[in-house]
Amino acid sequence: MRSVSPESVFYTPVREALGSGQLAPHSILGSIMQEVTSASRYEKGYILDGGMRHISDRDYFDPKPDVVIYLNITYELSKSRTLSRMTCQESGHIYNTQTHPPIKADVCDLDGSPLIIRDDDNEELLKQRWEIFNRDTLPVIEHYRQLGKLVEIPAEGRPDEIFKDIRSKLNI
Ligand SMILES: [Zn+2]
């Protein structure tokens, strides 16, 4: 959302929403997604990361996916990953003190900027996000499972193992 260009008709409403600490309204997000994904460079397709958090999102933008990949982990693992996550202050590069530590402690490998713990990476907010996921997003997953479009990947392993698993399930 922060990358919406000042030339876009959505720039002002998105800025206002972000400035007041609100999430941008779904109707605006949907219009932006519609505009972005209709660009000719996405003719052959695209990957949406973390899209469709609520079944009603389709009212504003329906991506009509060929495949939906569900990376499934337990709450305990999600908690341990979230609470060991560090984010680069400059560009948002993500590290994890357990699975992907920086070479030099508390400094980004890529641009040397300080690594910080985001305000929302705490257990209380994680619990809230997990409840919202169970309430709003699991029904989306079940919807695509019934349509035969769901590829469920157990995501307990290392990123390279999970990536390999995705490729093998998609035959690519
Ligand atoms: Zn960085």
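The values are calculated or read from the model by the stated rules, or taken from the named source; none is laboratory data. All values reported here derive from a predicted model rather than from experimental measurement. Positions of Cβ are generated from backbone atoms using ideal geometry, with glycine treated the same way; all protein chains shown enter the neighbour counts.
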Only listed residue being surrounded by 13 or more Cβ atoms within 10 Å (Cβ to Cβ), of a type outside the set (D, E, K, R) and outside the structural domain of Ala155 (by TED's automatic domain parsing), chosen from Thr97, Thr82, Thr87, Thr37: Thr37
Where a residue in the stretch 108-123 is within 14 Å of Leu83 (Cβ to Cβ) and its partner, wherever it lies, is part of a loop (DSSP other than H, G, I, E, B) and among the hydrophobic types (A, V, I, L, M, F, W, C), with Cβ under 7 Å and at least six apart: none
Count - residues of the stretch 85-101 that are more than 9 Å from the ligand (Cβ to nearest atom) and in contact with a Phe, Trp or Tyr (Cβ under 9 Å, 6 or more places away or on another chain): 3
Among residues of the stretch 33-65, those that are more than 20 Å from Thr137 (Cβ to Cβ) and β-branched (Val, Ile, Thr), counted: 2
Test: residue in the stretch 52-74 that is on the phi > 0 side of the Ramachandran plot, at pLDDT below 85, out of contact with any strand residue (DSSP E or B) (no Cβ under 6 Å at 6 or more places or on another chain) and surrounded by fewer than 13 Cβ atoms within 10 Å (Cβ to Cβ): no
